[in-house]
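Below is one structure, written out as structure tokens; comments come after it.
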Amino acid sequence: MRGKSWIRRGAATLSVLGLVAAACGGKAKAPTATLPTATAPKGSVYDVSLKGICPDKIVLQTDWFPEPEHGGAYNLIGPGGTIDAGKGTYTGPLRNTGVQMEIRAGGPFIGFSSPTAQMYSDQNIFVAFADTGDQIRGYKKTPAIGVVAPLEIGPQILMYDPGHYSFTSVSDVKASGATVLYFESAAFADYLVGTGQLDQKQLDASYDGSPARWVASGGKLVQQGFATNEPFNYEHNINGWKKPVKFLLLHDAGWKIYQSNIVVRPDSITKYHDCLAKLVPMWQQSEIDYITNPTAVNNVILEIVKEMNTFWVLSPELATYADDTMKSLNIVSNGPDGTLGNYDFDRIKTFMDTFIPIEKGKGADIPDDLTPEKIATNEFIDTSIGL
Amino acid sequence: MKPVRDDQAVAGPVVPAEAGPIRRVRTRPEPMATKRGLGWQVLAVAGPPIAVAAVFVGIWLLLSYVVLSPTQRFLLPPPQEVVKVGFLDWENLRQVLVTGLLPTTQVAMTGLAIAIALGMLWAILMSQAAWIERSTYPYAVVIQTIPIIAIVPLVGILIGFNFKGRVLACVIISIFPIITNTLFGLKSADASLQDLFTLHGANRTTRLLKLQLPAALPAIFTGFRISAGLSVIGAIVGDFFFRQGNPGIGRLIDIYRAQLQGEQLITTIFFSSLLGIVVFWGFGYLGNRLIRSWHESAQERQ
Amino acid sequence: MAVTEVRRATAEALAFDRVSMVFPNGTHALQDVSFQVDWGEFVAVVGPSGCGKSTLLRIASGLENATGGRVRVGGANLGFVFQDATLLPWRTVQANVELLGELHGLSKGDRARRADEAIEVVGLTGFERNHPKQLSGGMRMRVSLARTLTMKPEVALFDEPFGALDEITRGRLNDELLRLFLLERFAGLFVTHSIPEAVFLAGRVIVMSGRPGRVLGEVAVPFNYPRAPEVRFDAAFAKVAGQVSALLREAHA
């Protein structure tokens, strides 16, 4: 079962801003920290001391079980950390920086609440995963500011059976009238209906993460999933199916959120300014190092998942497939410029312009003066770091 | 003066078992049981349940083979598959029992014990003063109706997403019958008995311990039996929402759902039901023994 | 036995002085009831249903407070025998009889001794370990009497205790009660709506009217104690019963 969406639903998949205006190539703010230029060897980004400027233990709250999409974070600790399968944590020294890092699994481990909410109720949490849409929806009560976005494109998909359908866009799904199965609070559904790409009548919000309905329907459903998981899983692992599936990226339908971007509480921006100035470039580099050489970190992730012994099951083949997909679909990529992990404020703005009215129509309380700059910042980004 | 005895009593004075059964005049010959033998007796007792079970299995097979198509059969595997894969495969069975039933039983029993302690205490307090009942009983009703899913984040943060959270979910789900049945029992002590205690200067505690609680035992045990099944459900619900540590059957259900392992899913359901039945029966037996001497509900049927 | 040795502080054992009772819901149960019961005297009260007889007993025992008038009860120990046996169904006969001793804080040994005595006196020896469920109605009532006896009451109130029993058992228990009365010599106030029962048991029969209950009159019963069961069929008995009956008819008139 791919339940990640279940979690992310709380965060509500963000409607990614569409089409980054290619002409502008995005507006990235110039970094304020003075960091080594691109000529410096990559390893030097990690060789700084964070002691005293960062919390002694940097705690990251993720949104699901450990998975390859989180590889960049786990790469910061690397192999050799301590696994606590009961609590769902992986702890170890953050490279040679002199501080510890603890990565906490989300999803069932936190009662399916959102990582941002956890970050507020447990002040020990320094950074958390969030989706742009959730940041917008939760801005009034739990404002969170993104400091780096390891994933350029969100991996969320609508998957379908090529034996029954052939779709080139989400609007084709609307035309077919097929039932679209999704998690109740996945906000992308309302977005797709609001933008006229799906019909309200074809939505079925009762997805529980299990493949049962897909298999029982013989592939007549269109179902939400993740490009990095379901296609491989359904083709190779799910009894009663074991056939290829095809999919449409939600990003292409305008749902251009920054998925699982790293956010902090607003006061951390000032309080831990020097920390973030060193940590963010490290994180950028870590994502690059991971996707270039994922094996060691994947082994860590596989080990943790195995010890957790739940319905969330990963295999080396699945991890490889996830990494390949992240590369081939540009899920992990520089985007329109040469930097990995920075934010395109035009993209966020375009997304907001469509997303916010739809949400307000549902009664969400979103301040009128919300701008992209309030939920994301490039000030710590090292623009020289890219794939 | 010689004490006067009443005529033949309904039951004679209590005598040791060796002295023989109650004296009763035989008015008709021994029933046919001795003639036809043990076989018929066994058939009479065991026959109906076996017949109903056979019907049950028949309906199951019908659903599995006729109603469901082959691709859908994983939703309800036929009984023999369940037995083969779920029970006869030791690895599978071990997984269900050790990683599922055992942790869930721990949560259910802990939750039930706490529910009984708190529930009875609350009911006793309410029975002592009308104003306490009036102002707090509605909250007991509210507790029963709270959807666990709505309070998961709050509970998780205050108490933990682990064993303690699971136990709390279990307590919330199973406490209401304890409260309401205990209160009902405490209040139904006979009015004349209450007068008797008043007349002879009994204080609150004496009245509670010597009159109200014994009188309430049948109702109290009814509450226990109802909560027995609820505590199992509560533990499994707790598993779903509070996953840290060592959750039980709830986690297994998720695993089997994800892999479409219908046989093991049904095996799991079997054992969780069994747990509920055992606790239910256990309380019934215990309650019966305690009230057998004086309450109609515990009479052995002839 | 014990009763004759106790120093009495008051002249009568029990005295009602213009007792009235109006319940909160407006029911006027008793009006200006005055009479007394002397030490060692057995008095019966008869009257139609609903005339407040039970209320009178409840006021005397302290379970209710009169809204008018006063009641004086002499002596420390008051016994009350209810309409039904009021046994604790989960206790054995022995434990039931010991109950009052428990409530009054008597020692274990003392309780047991008194209970054994009382059980023997009412003729239930051998049934100590039975539960009320196993006993007939008459036997349960005898357990109730035994229980009352354990506290050696100086004043005993009886609220139609034998009303639920059949005629034969009732007759037996009447004989029984008289025997106990003569043994213990408590002052007894016995409420009933059976004229023969009242006349058989009491030295005086007080007749009350219907609601609101007033004392209509008194009939003295001229038979000496101990009374044989056959006295019921005596011509003089019928005459006294007739007098009581006549008074009662006035109540309905």
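The values are calculated or read from the model by the stated rules, or taken from the named source; none is laboratory data. Computed from a prediction, not measured in an experiment: that's the story for all the values here. Here the Cβ is made from the backbone with ideal geometry for all residues, glycine too, and neighbour counts use every protein chain on show.
Here are some notes:
Residue by residue, here is whether (1) among the hydrophobic types (A, V, I, L, M, F, W, C); (2) crowded, with 20+ Cβ neighbours inside 10 Å; (3) within 13 Å of the chain's Cα centre (by Cα) holds:
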{"site": "C:Gly163", "(1), (2), (3)": "no, no, yes"}
{"site": "C:Leu173", "(1), (2), (3)": "yes, yes, yes"}
{"site": "C:Leu182", "(1), (2), (3)": "yes, no, no"}
{"site": "C:Arg185", "(1), (2), (3)": "no, no, yes"}
{"site": "C:Gly188", "(1), (2), (3)": "no, yes, yes"}
{"site": "C:Thr192", "(1), (2), (3)": "no, yes, yes"}
{"site": "C:Val199", "(1), (2), (3)": "yes, yes, no"}
{"site": "C:Arg204", "(1), (2), (3)": "no, no, no"}
{"site": "C:Val207", "(1), (2), (3)": "yes, yes, no"}
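- Of all residues in segment A:243-270, those that are touching a residue at least 12 places away in the same chain (Cβ under 8 Å) have Cβ atoms under 8 Å from Cβ atoms of residues that are among the hydroxyl-bearing types (Ser, Thr, Tyr) and part of a strand (DSSP E or B), 6 or more apart or on another chain, in A:Val245/A:Tyr160; A:Lys246/A:Tyr160; A:Phe247/A:Tyr160; A:Leu248/A:Tyr160.
- Flag if C:Leu157 is touching a Phe, Trp or Tyr at 6+ places or on another chain (Cβ under 7 Å), hydrophobic (A, V, I, L, M, F, W, C) and either in a strand (DSSP E or B) or at the interface with chain B (Cβ under 9 Å from one of its Cβ atoms) (or both): yes
- B:Phe224 being at the interface with chain A (Cβ under 9 Å from one of its Cβ atoms) and either modelled with pLDDT of 90 or more or closer than 30 Å to B:Ala298 by Cα (or both): no
- Within segment A:208-222, being in contact with a Phe, Trp or Tyr (Cβ under 6 Å, 6 or more places away or on another chain) and in contact (Cβ under 8 Å) with a residue 40 or more places away in the chain holds for A:Gly209, A:Leu221, A:Val222.
- Number of residues in segment A:87-104 that are more than 9 Å from every other protein chain (Cβ to nearest Cβ) and under 30 Å from A:Ser185 (Cα atoms) equals 5.
- Residue in segment C:49-67 that is buried (at least 18 other Cβ atoms within 10 Å of the Cβ) and touching a Lys or Arg at 6+ places or on another chain (Cβ under 8 Å) present: yes
- Conditions (1) within 27 Å of B:Ser273 (Cβ to Cβ); (2) within 14 Å of chain A (Cβ to nearest Cβ); (3) in contact (Cβ under 8 Å) with a residue 12 or more places away in the chain: number failed by B:Ile255: (3)
- Qualifying residue in segment B:116-136 (condition: at pLDDT 95 or above and touching a Pro at 6+ places or on another chain (Cβ under 9 Å)): yes
- When B:Phe270 is tested against the conditions (1) in contact with a Phe, Trp or Tyr (Cβ under 9 Å, 6 or more places away or on another chain); (2) part of a helix (DSSP H, G or I); (3) within 10 Å of another protein chain (Cβ to nearest Cβ), the lone failure is (3).
- Failed item, numbered, when B:Asn203 is tested on (1) more than 14 Å from every other protein chain (Cβ to nearest Cβ); (2) over 30 Å from B:Leu252 (Cβ atoms); (3) not charged (D, E, K, R): (1)
- Any hit, segment C:141-150, residues being in a helix (DSSP H, G or I), facing chain B (nearest Cβ under 10 Å), of a type in the set (Gly, Ala, Ser) and more than 23 Å from B:Lys210 (Cβ to Cβ): no
- The residues listed here are B:Gly229, B:Gly287, B:Gly250; of these, the one that is buried (at least 18 other Cβ atoms within 10 Å of the Cβ), modelled with pLDDT under 95 and within 14 Å of chain A (Cβ to nearest Cβ) is B:Gly250.
- Residue selected from segment C:84-95 under the condition farther than 30 Å from C:Phe35 by Cα and in contact with a Ser or Thr (Cβ under 8 Å, 6 or more places away or on another chain), by the criterion farthest from the other protein chains (Cβ to nearest Cβ): C:Leu87
- Residue in segment B:140-152 that is away from chain A (no Cβ under 14 Å) and without any contact (Cβ under 8 Å) to a residue 24 or more places away in the chain present: yes
- Within segment C:99-115, tally of residues that are out of contact with any Ser or Thr (no Cβ under 7 Å at 6 or more places or on another chain) and outside any loop (DSSP other than H, G, I, E, B): 8
- B:Arg257 being part of a helix (DSSP H, G or I), charged (D, E, K, R), surrounded by fewer than 23 Cβ atoms within 10 Å (Cβ to Cβ) and out of contact with any Phe, Trp or Tyr (no Cβ under 6 Å at 6 or more places or on another chain): yes
- Of the numbered criteria (1) among the aliphatic types (A, V, I, L, M); (2) buried (at least 21 other Cβ atoms within 10 Å of the Cβ); (3) touching a helix residue (DSSP H, G or I) at 6+ places or on another chain (Cβ under 8 Å), the one A:Val280 fails is (3).
- Residue match in segment B:171-187 (condition: of a type in the set (Phe, Trp, Tyr), surrounded by fewer than 21 Cβ atoms within 10 Å (Cβ to Cβ) and within 24 Å of B:Leu211 (Cα to Cα)): yes
- Top-ranked residue in segment C:68-83 [being away from every other protein chain (no Cβ under 14 Å) and within 23 Å of C:Met151 (Cα to Cα); ranked as surrounded by the fewest Cβ atoms within 10 Å (Cβ to Cβ)]: C:Arg72
- Within segment A:226-266, the set of residues being more than 30 Å from B:Pro70 (Cβ to Cβ) and of a type in the set (S, T, N, Q) comprises A:Thr228, A:Gln259, A:Ser260, A:Asn261.
- Taking (1) crowded, with 19+ Cβ neighbours inside 10 Å; (2) more than 11 Å from chain B (Cβ to nearest Cβ); (3) in contact with a strand residue (DSSP E or B) (Cβ under 9 Å, 6 or more places away or on another chain) in turn, A:Val193 satisfies each apart from (1).
- Checked across segment A:371-382, the condition of being assigned to a helix (DSSP H, G or I) and closer than 24 Å to A:Gly196 by Cα holds for no residue.
- Checked against (1) modelled with pLDDT under 90; (2) more than 24 Å from C:Thr92 (Cβ to Cβ); (3) among the hydrophobic types (A, V, I, L, M, F, W, C), B:Trp281 meets all criteria but (1).
- Taken together, C:Ala76, C:Ala85 contain a single residue that is more than 24 Å from C:Arg170 (Cβ to Cβ), of a type in the set (A, V, I, L, M) and either more than 20 Å from the chain's Cα centre (by Cα) or part of a loop (DSSP other than H, G, I, E, B) (or both), which is C:Ala76.
- Residues of segment C:101-147 that are closer than 20 Å to C:Leu182 by Cβ and aliphatic (A, V, I, L, M): C:Ala118, C:Ile119, C:Val121, C:Val122, C:Leu124, C:Met141, C:Leu145, C:Ala146.
- When the criteria are applied in full, A:Ile331 meets the requirement of being on the phi < 0 side of the Ramachandran plot and in contact with a Leu (Cβ under 7 Å, 6 or more places away or on another chain).
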